[in-house]
Amino acid sequence: QVAPAAGTRFHQDRAKNHPILLSHTNALNSRSELYSPLCECVCSDVCFLSQVKKLVYVYLVRYAEEQQDLALLSISTFQRGLKDPNQLIRASALRVLSSIRVTIIVPIMMLAIKEAASDMSPYVRKTAAHAIPKLHSLDPEQKDQLIEVIEKLLADKTTLVAGSVVMAFEEVCPDRIDLIHKNYRKLCNLLIDVEEWGQVVIINMLTRYARTQFLNPNINESLLEESSEKAFYASDDEEDEDKKAEAATLAKRKPYVMDPDHRLLLRNTKPLLQSRNAAVVMAVAQLYFHLAPKAEVGIIAKALVRLMRSHSEVQYVVLQNVATMTIKRRGMFEPYLKSFYIRSTDPTQIKILKLEVLTNLANETNISTILREFQTYIKSMDKDFVAASIQAIGRCATNIGEVRDTCLNGLVQLLSNRDELVVAESVVVIKKLLQMQPEQHSDIIKHMAKLIDNIQVPMARASILWLIGEYCEHVPKIAPDVLRNMAKTFTNEEDIVKLQIINLAAKLYLTNSKQTKLLTQYVLNLAKYDQNYDIRDRARFIRQLIVPTDKSGALSKYAKKLFLALKPAPVLQSTFKDRDHFQLGSLSHLLNAKAAGYQELPDWPESAPDPSVRNVEVKDSVCARRTVLTGPEESDSGSGSESASASDESGSGSESEESREETESEDEEEDEEKEKKRKKRLDKTKAKKPAEESAERCTIAPSGSIKMYELLHRITGEGLAVEYCFSRQPFSPDPNMVAVQIQFTNNTNSETKNLHIEEPRLQSGMRIREFTEIGLQPSGESVTVVMGIDFCDSTQAANFQLCTHTRKFFVSIQPPVGELMTPVFLTENDFKKEQGKLMGMNEISEKLMLGEKCVNEHVIVERVTATANLSRVPCGSEKECRFAGKTVSSGCLVLVTVPTKEGGGAQLTVNCEKMLIGTLLVKDIMQALSQ
Amino acid sequence: MIHSLFLVNASGDIFLEKHWKSVVSRSVCDYFFEALERATEPENVPPVIPTPHHYLINVLRHRIYFVAVIQSEVPPLFVIEFLHRVVDTFQDYFGVCTEAAIKDNVVVVYELLEEMLDNGFPLATESNILKELIKPPTILRTVVNTITGSTNVGEQLPTGQLSVVPWRRTGVKYTNNEAYFDVIEEIDAIIDKSGSTITAEIQGVIDACVKLTGMPDLTLSFMNPRLLDDVSFHPCVRFKRWEAERILSFIPPDGNFRLLSYHVSSQNLVAIPVYVKHNISFREGSSQGRFELTLGPKQTMGKAVESVLVSSQLPRGVLNANLNPSQGTYTFDPVTKLLSWDVGKINPQKLPSLKGSMSLQAGASKPDENPTINIQFKIQQLAISGLKVNRLDMYGEKYKPFKGIKYMTKAGKFQVRT
């Protein structure tokens, strides 16, 4: 009725009709008669975003599948829209075009997406990212091409795009982890500024990523835990214990050092716990649960408890996850125990989940408060909840031995409750508890036997019968009587009760055949003609087993053993146990079943994959700009070291700003890049004209190649940026220490005060000589100080806290092996003599191919001295380079020989008493030379 | 992600559906109706219901079920949070979120849903961006629209989506520049039979109504920021400044928004502003029960306790209650057994009380459960935790705004066990 009218009038009065039209779009019947004027309408309108069109689009998208030909009429308009100068029009044209589910236009869509992916406007690129999953679901064969687009968009640096493209990644190719490597650090850094929905998707993806790329931070603890547990439970098995202990010490010897990228992820997600969006908080919580070291997981508890104030649906999901967490890390939620107390107004499903959490949290110290709380719950009007409370009490009782008797007494009192459901539930729980120590509780069993006349709930009746049968020696007088009563009502019982009656009969027959022989026969006869085949079956089987006949088999001898064997007590455990193999917060975890499209959370790798895959290639122009030579005299100097300044020294002011931005990625550079740069620098030296040099503003840094490492990023340091380098100068207050030069830059608007070091956490033997406290650092200024660290000739990191008047930051300095030594000057003869002493085990030798650019001796010297703080030893032969140094802490000699051969081959020999240092050094120099 | 959305009213009818990908048949909701039937109370429907091919995630707000259809793995909270955002948006647009309001504004509803999700992934959920795209209906506009046939779809392009502060539109103008902040604290407590506190905590929010011209940059500081134990912010708040200086620094969204919600650290003892003396007893054998309830103020810092409302779910065995309130009115619903007593203001000189008898089902045994008492109240001009705003400064604009701060304490989930 409306449709034809709307159709005819449409052209004259489009605007008036569309509300009517739209209100019918939810009706399922397709309005084909309306469709064609509509499509024409799309084409004829001049203004792209006119109001009518908006609604027509909704309609168009909704019915395109059913009216394909007509939908095609409108395509050309969108294609025109894609070229519009206004970015918003381009974006919405792409959005509608990609929403039309018609296979014929797949190539057009593909083209549009590809074009939009390289659009100037981030908003259009975002729309392109949204369009990818649409096209993928329409035509999965386009996957390969779409992955290319995803790869391109992943490299995008804007926050607008990040969330949408990761979403597309998750839908199209979630297993292509390799696409993430290069973008990992960028995603971590952008995360806080991405819109909230994107954050959830990115965090979930990064959780999976981190599981494949980093080592388990709890590896040592879990080993230790296991071994202690084993030792506790199986103390007689000493051999096993020893093995475990050995494993634990082995793990200790190999201390875990967290990958800085792993730390970056944890650090950058932490503020998001403060998000107002529950989904974001949950995503961070699961990330910490799955990835963080045990000591740090605790911080998520507070945020999760906060979510419990939210809508009941949110509570439901959060409690499910908390329940799983409490099983594995109980301590985390113990301070918040009271937040899980149940209110009478909570919906039943929430109450039951809270009970679960409370039960999981129960331990020796808090059990009395929890039990008191449970007592009030039992009086509730909500019967399902009461039943769950009784089960919870049962679980507490099994888990905590001290309160077992108290619980049992409490439950026995419940047997006189007026509500049958309560009694039945108590019976079931008591049965389980009694199985643990039946001897002491024969009076309870007697009490239960009396109850059988009153209780009607089948499960409870069955439980009582089983108890009497199992412990018939404890109640020898009552048991036959119960059987007599049950035989009378056998035909009217439920199936589970019948089965238990048969069981009871069989057990009594075996222990007390005189009194019960006839009764048993009677019951078995009744069962023989039962309707249920299970019961008939059981009766036949038991008769054969217990009643001796002439052809009874060998088994009947063992009947007593079969029926009256000691049965292990049941373990009452949480239904949430082991649910954590699903990624927390996921749909699959909630349902405890794999949902469609669920990506397994991978196990931690045994050994970490190469972390360098995450290094980002910095554009050459940037490198060149950032590392500027200080002057030719440096490269001529004896140590062959060069100097580059760490501060911005670019020629023009406009560039300097850019280069400051780039310092963020400085730590991401790899050695290869360093080498490239160094090479470039060298090339530049040769080409450089004196005039140019004088034009450069240079801060001359201390001698040696200055590679600045980042100690504290200016974002995490809240404006305080800290960099450090190994200045390679002797540390005068203590010659056994390595001098570390630290540069503080205050980027905030206010002064920073009292910069100092606190609480060094060092490996044994390591020492730190702190720099004197910096009293006041004005805003915008940089200060450089030198501190000394005795690394004990190991590459272990020195951890400490950097404190300002307001904040403390945990930082760590890890030295490259080459920085642990100082140059020693030796003559050729001395060198040979010393080398002779350090043969055999102390000599490490490797063959290598020199890199393309290692053409002459000069370059080799350059590279070796850049890698390690050594000095060159004069040498007669041109085909051999020798270097000498000693370790800073213990003064062991380090001798390096590099003889070169024709055709780029070379042999690298390192002689050092400290074999570890030698091995590490060989590795580093090899890498430097072979590039 | 989110495939479709169905809106189901209290009587179990689907009155609106929206599909973002291909069309999913209505029959998928049958699984939801099954679960609805099984649940004893409306809020006991499980939020996630698996079906053979889809998963249904639903939220219940204003007696309407919002049922989202999901086809593959997605964090359930993601969907739940989004659905709540949809409801909040409807409320923002239409004032109320009822079936009638949605039906009246069906066009706007469809436009909103279309903009909020693209292919099932949230696109624009920020109320400011949406308002730029789709104008909220007003009486005048409705009249104009019916006459001229135009709609609420905005004429401008949604430039807000491109902005670095997506929560604020550019070019906002007001003649009166004002910024109001309400500090509202809620006490959640469970009080034991004997009157001792089992658990009590304070949750607070700061709701703001900011109507300022241009792009103001506000900072709000507290006298005692240490009180705040756990906070969550509106995205506009600069987290770094909070961490470093405990100052809220932000460019506010236009209009009403929740700036901050917080939890007061649990070490501090929570002042409980009211006490309840109760004597509810049933005697064995007789069909009568006694009911006595007296309320009194306690630790109110000299402020009056207002809008007190006491409610209690009496045991099923109670047939009727014959009570006598010293002030206010009471009602007892014999079907739901819900007793509620609207007390009003507590006068410390003359404490309000409710006394009388309950008649029980003849022959039935005495109920063994005792009802819990839920109390609601309000205290104006007081933040019970002692939180105080120090000052509010504005940067970036020249004019002088009018500033106002209001404190209020309310009962959250305040229960007394008997």
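The values are calculated or read from the model by the stated rules, or taken from the named source; none is laboratory data. What you see is a predicted model; the values in this text were computed from it and never measured. Here the Cβ positions follow ideal geometry from the backbone for every residue, glycine too, while neighbour counts run over all protein chains shown. Accessible surface is based on the protein model in full, side chains and every heavy atom, while ligands, DNA and RNA are left aside. Shrake-Rupley method; radii C 1.70, N 1.55, O 1.52, S 1.80 Å.
Just a few scattered comments:
- Check on A:GLY840, free of Cβ contacts under 8 Å to residues at least 12 places away in the same chain, among the small types (Gly, Ala, Ser) and farther than 29 Å from A:ILE768 by Cβ: yes
- Members of the stretch A:416-428 that are open to solvent by 10 Å² or more (accessible area, probe 1.4 Å) and away from chain B (no Cβ under 14 Å): A:GLU425, A:VAL428
- Scope the stretch B:96-107; condition surrounded by 20 or more Cβ atoms within 10 Å (Cβ to Cβ) and within 10 Å of another protein chain (Cβ to nearest Cβ); matching residues: B:VAL107
- Screening A:HIS474 against (1) out of contact with any His (no Cβ under 9 Å at 6 or more places or on another chain); (2) open to solvent by 40 Å² or more (accessible area, probe 1.4 Å); (3) farther than 24 Å from A:TYR522 by Cα leaves a single unmet condition, (1).
- Answer from B:TYR110, B:TYR65, B:TYR55 - the residue that is more than 7 Å from every other protein chain (Cβ to nearest Cβ) and either buried (at least 22 other Cβ atoms within 10 Å of the Cβ) or at pLDDT below 90 (or both): B:TYR65
- In the stretch A:538-580, residue nearest to the chain's Cα centre (by Cα) [restricted to those that are over 30 Å from A:LEU433 (Cβ atoms) and assigned to a loop (DSSP other than H, G, I, E, B)]: A:GLY553
- Some residue of the stretch B:20-42 being at the interface with chain A (Cβ under 8 Å from one of its Cβ atoms), of a type in the set (Gly, Ala, Ser) and open to solvent by 10 Å² or more (accessible area, probe 1.4 Å): yes
- Residue within the stretch B:369-392 that is touching a residue at least 24 places away in the same chain (Cβ under 8 Å), away from chain A (no Cβ under 14 Å) and farther than 22 Å from B:ILE202 by Cα present: yes
- Qualifying residue in the stretch A:335-348 (condition: aliphatic (A, V, I, L, M) and either within 27 Å of the chain's Cα centre (by Cα) or surrounded by fewer than 17 Cβ atoms within 10 Å (Cβ to Cβ) (or both)): yes
- Set B:GLN349, B:GLN327: member being loosely packed, with under 14 Cβ neighbours inside 10 Å, outside any strand (DSSP E or B) and among the polar types (S, T, N, Q): B:GLN349
- Looking only at residues of the stretch B:73-87 that are free of Cβ contacts under 8 Å to residues at least 24 places away in the same chain and open to solvent by 10 Å² or more (accessible area, probe 1.4 Å), we find that the one that is farthest from B:TYR55 (Cα to Cα) is B:GLU81.
- Positions within the stretch A:895-931 being of a type outside the set (S, T, N, Q), open to solvent by 30 Å² or more (accessible area, probe 1.4 Å) and either touching a Cys at 6+ places or on another chain (Cβ under 6 Å) or under 18 Å from A:MET849 (Cβ atoms) (or both), in sequence order: A:PRO899, A:LYS901, A:GLU902, A:GLY903, A:GLU913, A:LYS914, A:LYS923, A:ASP924, A:MET926
- Within the stretch B:5-30, residues that are more than 19 Å from B:GLU41 (Cα to Cα) reach partners that are of a type in the set (A, V, I, L, M) and part of a helix (DSSP H, G or I) with beta carbons closer than 6 Å, at six or more positions or on different chains, in the pairs B:LYS18/B:LEU113.
- Considering residues of the stretch A:487-508 that are over 18 Å from A:VAL428 (Cα atoms) and of a type in the set (A, V, I, L, M, F, W, C) only, the residue surrounded by the most Cβ atoms within 10 Å (Cβ to Cβ): A:ALA505
- Given (1) among the hydrophobic types (A, V, I, L, M, F, W, C); (2) open to solvent by less than 10 Å² (accessible area, probe 1.4 Å); (3) touching a Ser or Thr at 6+ places or on another chain (Cβ under 8 Å); (4) within 10 Å of chain B (Cβ to nearest Cβ), number of the condition A:ILE113 does not satisfy: (4)
- Selected residue [within 14 Å of another protein chain (Cβ to nearest Cβ) and part of a helix (DSSP H, G or I)] from A:GLU141, A:GLU148, A:GLU170: A:GLU170
- Filter pass, B:LYS410 being assigned to a strand (DSSP E or B) and either more than 14 Å from every other protein chain (Cβ to nearest Cβ) or not aliphatic (A, V, I, L, M) (or both): yes
- Lone qualifier among B:ARG290, B:ARG316 - being of a type outside the set (A, V, I, L, M, F, W, C) and in a loop (DSSP other than H, G, I, E, B): B:ARG316
- Considering the stretch B:232-246, the residues that are in a strand (DSSP E or B) and either open to solvent by 40 Å² or more (accessible area, probe 1.4 Å) or at the interface with chain A (Cβ under 8 Å from one of its Cβ atoms) (or both) include one that is nearest to B:ASN128 (Cα to Cα), namely B:PHE233.
- Verdict on B:VAL24 being at pLDDT below 90 and not in a helix (DSSP H, G or I): yes
- Matching residues, the stretch B:164-213, being open to solvent by less than 50 Å² (accessible area, probe 1.4 Å) and part of a loop (DSSP other than H, G, I, E, B): B:VAL165, B:PRO166, B:TRP167, B:ARG168, B:VAL172, B:ASN177, B:ASP192, B:GLY195, B:LEU212, B:THR213
- Identity of the residue in the stretch A:63-94, within 12 Å of chain B (Cβ to nearest Cβ) and either under 14 Å from A:LEU138 (Cβ atoms) or surrounded by 23 or more Cβ atoms within 10 Å (Cβ to Cβ) (or both), that ends up modelled with the highest pLDDT: A:LEU94
- Summed over the stretch A:349-373, the residues that are under 32 Å from the mean Cα position of the chain (by Cα), more than 22 Å from B:SER311 (Cβ to Cβ) and aliphatic (A, V, I, L, M) give a count of 7.
- Checking A:ILE535 against (1) within 28 Å of A:LEU433 (Cα to Cα); (2) open to solvent by 20 Å² or more (accessible area, probe 1.4 Å); (3) modelled with pLDDT of 90 or more, the condition it does not meet: (2)
- Any hit, the stretch A:97-104, residues being crowded, with 19+ Cβ neighbours inside 10 Å, at pLDDT below 60 and within 9 Å of chain B (Cβ to nearest Cβ): no
- Within the set B:LEU309, B:LEU314, B:LEU269, the sole residue that is at pLDDT 90 or above and either among the hydrophobic types (A, V, I, L, M, F, W, C) or farther than 30 Å from B:MET394 by Cα (or both) turns out to be B:LEU309.
- Scanning the stretch A:270-314 for residues that are of a type in the set (S, T, N, Q) and open to solvent by less than 10 Å² (accessible area, probe 1.4 Å), we see that the one that is farthest from the other protein chains (Cβ to nearest Cβ) is A:GLN286.
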